[in-house]
Amino acid sequence: MNVSRISASRAVLAGGIALSSVVLLSGTAFAHVSVQPQGEAAKGGYATVNIKVPNERDNASTVKLEVSFPLDHPLASVMPQPIPGWKAEVTKSKLSKPLQLHGKTINEAVSKVTWTADGSKIGPGQFQQFPLSLGQLPEDADQLVLKAVQTYDNKEVVRWIEEQKEGAEEPQNPAPVLKLSAASADHHGGAAPSASASADEKAGHDAKSGHDADAKKETASADSSDTTARILGVIGILVGVAGVAFGVLAGRRRSA
């Protein structure tokens, strides 16, 4: 009996340790610097993306992030959105092959954006998103690898620069990857009017038509009422005249 209890206790303990290990490893596996588009990131178009930076340390805070952009698929425009407590610096580099965009020749492109803590930081158990506006996205690529370097206030540096190899396990420090969708008809990201917008427009048109119809009804009603009032007024006058005439005649008969 005691042996069975001891065996059961050992099994529960082993299971608990295994479960804890899985949870810890899963947390570490998912705590990567990543890039996530807001909406669509279509080839040849423009997109807004978020660089998501989790803090992986229990005893240090993230105070700096550097994100590099590939120059083999250069982006003419990379604009960071201002973030309170962080200072953003955009670095450009010369292109070996000029880029043609909207009829203009571009000889340099953004190669790196650096965010440095300026009154803020990413503490343990926290994450921060760094929004970017990107364009024009390449038409001859399925993805963009944006290598990142994360620096903590204890001087520790984590380099998220390892590229995923096809068929291989995920590397320990994978580089953020922006997946590009198929090119859309509108490269500027403008969408055709939605069904709801069309419905709203139709509803507005119907409401206006209804309002006009009501106004016409009210006008017709007012005209009808005015005409009726005039007719009744004339009838009243005629009845009054007839009454007066009848009174006069009656008076004359009595006098006679």
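The values are calculated or read from the model by the stated rules, or taken from the named source; none is laboratory data. Since the structure is predicted, the reported quantities are computational estimates derived from the model, not experimental observations. Note that we place each Cβ from the backbone using ideal geometry, even for glycine, and neighbour counts take in every protein chain shown. The accessibility values were calculated without ligands, DNA or RNA, using every heavy atom of the protein model including side chains. Shrake-Rupley method; radii C 1.70, N 1.55, O 1.52, S 1.80 Å.
Go through segment 61-70 residue by residue and turn each phi into a ³J(HN,Hα) via Karplus (6.51, -1.76, 1.60, θ = phi - 60°); whole Hz please, and just put x for glycine and proline.
Going residue by residue, I get 10, 6, 10, 7, 9, 10, 10, 9, 10, x Hz, with x marking Gly and Pro.
Over all directions, the average projected area of the alpha-carbon convex hull for segment 49-99 comes to how many nm²?
Orientation-averaged projected area of the Cα hull: 4.9 nm².
Along the Cα→Cβ direction, 7 angstrom out, place labels at Glu163 and His102. What is the inter-label distance in nm?
3.0
Using a 1.4 angstrom probe on heavy atoms only, work out the carbon and sulfur share of the accessible area of segment 64-165 in %. Walk me through the intermediate numbers first.
On the way: 2720 of 5790 Å².
Carbon plus sulfur share of accessible area: 47 percent.
Looking at segment 96-183, what % of its DSSP beta bridges pair antiparallel, to the nearest 5?
Antiparallel bridges make up about 90 percent of those DSSP assigns within segment 96-183.
Given Cα pairs under 8 Å that are at least 6 residues apart, what percent is the relative contact order of segment 93-165?
15
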